[in-house]
Amino acid sequence: MVDPDGGLLRGTLDVLILKAVSWGPRHGYAVAEWIRAITDGELLVEEGPLYTALHRLERNGWLTAEWGYSENNRRAKYYQLSRAGRQQLRAEVSSWERYARAVGKALGALTPLTA
């Protein structure tokens, strides 16, 4: 489930981040931990790409952010879905579900199609 360079398949990080914060605010490390835990360690998000994506999603208006304190009493930026982000998440999930069904059909093919 990772590309040859060790990152997530293209296009997955944004939707995973949006889903991770769909239940309420999370700081970056908590987002990465949620992704790791929910995928049983299959998907690991490195710090650089994670924070680049968080900032991009915030610039796009899909996330809002507020400074607060983490469980360790450290200052952390907490991200949450905006209204536009909730709409984007619905659109992305729908798109990914269609994509997964199509790939599943192709991988489950028992015979070749003839022209």
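Remarks
- Flag if Tyr99 is farther than 17 Å from Val31 by Cβ, among the aromatic types (Phe, Trp, Tyr) and either in a strand (DSSP E or B) or at pLDDT below 95 (or both): yes
- Residues located in the range 34-45, provided they are farther than 17 Å from Gly85 by Cβ and either out of contact with any helix residue (DSSP H, G or I) (no Cβ under 9 Å at 6 or more places or on another chain) or crowded, with 17+ Cβ neighbours inside 10 Å (or both): Arg36, Ala37, Asp40, Gly41, Leu43, Val45
- Counted residues, the range 71-85 - those being surrounded by fewer than 15 Cβ atoms within 10 Å (Cβ to Cβ) and either over 17 Å from Val15 (Cα atoms) or within 13 Å of the chain's Cα centre (by Cα) (or both): 5
- Residue within the range 61-68 that is touching a Lys or Arg at 6+ places or on another chain (Cβ under 6 Å) and either at pLDDT below 95 or surrounded by fewer than 14 Cβ atoms within 10 Å (Cβ to Cβ) (or both) present: yes
- For Gly48, the conditions (1) farther than 15 Å from Lys19 by Cα; (2) surrounded by 13 or more Cβ atoms within 10 Å (Cβ to Cβ); (3) not basic (Lys, Arg) are fulfilled apart from (2).
The values are calculated or read from the model by the stated rules, or taken from the named source; none is laboratory data. Predicted model only: the values in this text are computed from it and were never measured. Backbone-built Cβ (ideal geometry, glycine too); neighbour counts: all protein chains shown.
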